[in-house]
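Chemist: Here it is: the structure, laid out below.
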Amino acid sequence: MTDRLTHTNLKSNPNAAYLLMEEGDKKYKGKRLYLIKIREEKDSLLLDSIRRKEYPELKGKEYLVYFRVDKVLPLIGSGVES
């Protein structure tokens, strides 16, 4: 993650949501992941090893952010069977 708006928002609120779209016959198939930031690393060696390309202009402005999955719901609906 770069030091932009999302990273700034996580400093004041560690909660995040991620929408995961799945391939399939149904148009709206996927999951809603509710996440909580647990820690972050700046300029980590792990970040250097998993990045596909080098971006010298971002050096010192990148973070490896770890989240815990708090809740998983379907993409559409409440997740409660009626």
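The values are calculated or read from the model by the stated rules, or taken from the named source; none is laboratory data. This structure is a prediction, so every number in the text was calculated from the model and none was measured. Here the Cβ is made from the backbone with ideal geometry for all residues, glycine too, and neighbour counts use every protein chain on show.
Chemist: Which residue pairs have Cβ atoms under 7 Å apart, sit 6 or more places apart or on different chains, and have a first residue in the range 56-73 that is more than 12 Å from Met1 (Cα to Cα) and a second that is at pLDDT below 85?
Modeler: Leu73/Gly79
Chemist: Quickly run through the range 1-32 and pick out the residues that are among the small types (Gly, Ala, Ser) and under 17 Å from Gly77 (Cβ atoms). Even if it seems obvious, please write down each step before you answer.
Modeler: Keep residues of the range 1-32 that are among the small types (Gly, Ala, Ser), which gives 12, 16-17, 24, 30.
Within the range 1-32, Ala17, Gly24, Gly30 meet the criteria.
Chemist: Give me the pairs: first residue in the range 28-47 and at pLDDT below 85, second residue aliphatic (A, V, I, L, M) and not in a strand (DSSP E or B), beta-carbon distance under 6 Å, and six or more apart or on different chains, which are they?
Modeler: Tyr28/Leu75; Tyr28/Ile76
Chemist: Across the range 20-35, what is the total count of residues that are touching a strand residue (DSSP E or B) at 6+ places or on another chain (Cβ under 8 Å) and either surrounded by 13 or more Cβ atoms within 10 Å (Cβ to Cβ) or more than 14 Å from Phe67 (Cβ to Cβ) (or both)? Step through it out loud before you land on a result.
Modeler: Applying the first criterion (touching a strand residue (DSSP E or B) at 6+ places or on another chain (Cβ under 8 Å)) to the range 20-35 yields 20-22, 29-35.
Filter again for either surrounded by 13 or more Cβ atoms within 10 Å (Cβ to Cβ) or more than 14 Å from Phe67 (Cβ to Cβ) (or both), leaving 21-22, 29-35.
Residues that pass the stated criteria total 9.
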